[in-house]
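Novice: A single structure is presented below for examination.
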Amino acid sequence: MLAKIFLLRAIRFKALFVLSCLYTSIACGQDRVVMPLRNNYPLALMHSSFRADTAQLIAADSQQLSALWSWSNTLSLHQQGTFLIDAESRILDLYFKYGLSQNLELSFFLPLVWLGSGQLDPLIDDWHKTFGLPRGNRDQILDGGFEFFGETNEGDTFSLSPGGARLGLPEVAFKYPASQSLSFVFSTAFPLQGGYLGNTGIDLGVGALYDFDFEEFKFSSGVSARYFTDQKSYELIFPEMLYEAFLSSSYPLTDKLYFAVQIMFHSALSENIKYFPDYGTYLDTGFRYVFSDSISLDLILRENPAPRRGTTDVTFSLGLNYKL
């Protein structure tokens, strides 16, 4: 059964990738588009997360304001019943970029997070049934519920109530270019309001961003390592280090409309949840429409291409970018 699920999702991923290749052969410009979605998995909301970016810096003294709204649905039910996470998150990610100089860019991120019961459950289940896709244990769970509980390796249990709407972890980042195609990123995230979902520590991040071309393909890629100074939240223990990476390709369909496809990877989110996955992957597809030199709109769909239990099932996202 797991092999069948993986095969179906692999076929869907391959179709999207081939489609991107076909479009790219038609037209490809110099601009690069990435999808800066953080990891919206409920467990990942307790800490900061790597966001995709290009190695390019914005011009000195220029500014950019962005707002990215995302709606994620998650159902993680381990086959042996050691944990169940059934929830939805809605996040408004506000971020600001400023070109301090030609060689230094400042970014500030402020997420507004809502975590609660699912409203997309019937829509997702109907979609799976209509197209004959695996239902992912949704027939065992009531629609519109919130469940966040499980068992640890030590035999203890954990549970979490809906978080409601709160501030997430604000984050400050600096980007420094080593060359025209390679940049390094250093970030710090810190909790407000006594910590969201139990985290009261500081997250320290370091990453590298690299842009490259292959014939007509325009790629952006990145790797990141994050150190969590607070590894414990409730009965949960997080890893001391979290590793993340992405690979993105984008191209213009017209002079105003861009298409992008992106793969994201992250290491284990938990040290002590029994049978929790060692890694997670995401597949992002999206469009960017450029209204003018200063305003653009992003439309993004995220799915988990493999039947893992440590990722959101689906995320719908809408973003607005404004260059000052």
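Novice: Could you calculate the FRET efficiency of Thr188 with Leu112 from 1/(1 + (r/R0)^6), where r is the beta carbon distance between them and R0 is 25 Å, rounded to 0.05?
Specialist: Efficiency for this residue pair is about 0.80.
Novice: Turning to a different aspect of this structure: Which value in nm describes the separation of the simple spin-label points at Leu204 and Ala60, placed 7 Å from the Cα toward the beta carbon?
Specialist: Each label point lies 7 Å from its Cα, and together they span 3.0 nm.
Novice: How many nm is it between the label spots at Tyr98 and Lys232, if each spot is 7 Å from the Cα in line with the beta carbon?
Specialist: Using points 7 Å along Cα→Cβ, the separation is 3.9 nm.
Novice: For an R0 of 45 angstrom, estimate the FRET efficiency from the Cβ-Cβ distance between Ser292 and Asn153 and round to the nearest 0.05.
Specialist: After rounding, the FRET efficiency stands at 0.25.
Novice: Another question, if that's okay. Add +1 for every Lys or Arg and -1 for every Asp or Glu among the other residues with Cβ under 9 Å from the Cβ of Glu105, and state the total.
Specialist: Neighbourhood net charge equals +2.
Novice: Here's something else I'd like to know. Could you give the nm distance between label points at Phe174 and Tyr243, where each point is 7 Å from its Cα heading toward the beta carbon?
Specialist: 2.6
Novice: Which aspartates and glutamates, if any, have their Cα less than 17 Å from the Cα of Lys323, not counting same-chain residues under 8 positions apart?
Specialist: Asp31, Asp53, Asp61, Asp93, Glu105, Asp293, Asp298
Novice: Could you work out the local net charge near Val290, counting Lys and Arg as +1, Asp and Glu as -1, over the other residues with Cβ closer than 10 Å to its Cβ?
Specialist: -1
Novice: While we're here: Which aspartates and glutamates, if any, have their Cα less than 16 Å from the Cα of Lys274, not counting same-chain residues under 8 positions apart?
Specialist: List returned: Glu151, Glu154, Asp156, Glu235.
Here, each number is a calculation from the coordinates, and none is a lab measurement. Fair warning: this is a prediction, and the values are worked out from it, not measured in the lab. For neighbour counting, all protein chains shown are included, and Cβ atoms are generated from backbone atoms with ideal geometry for every residue, glycine included.
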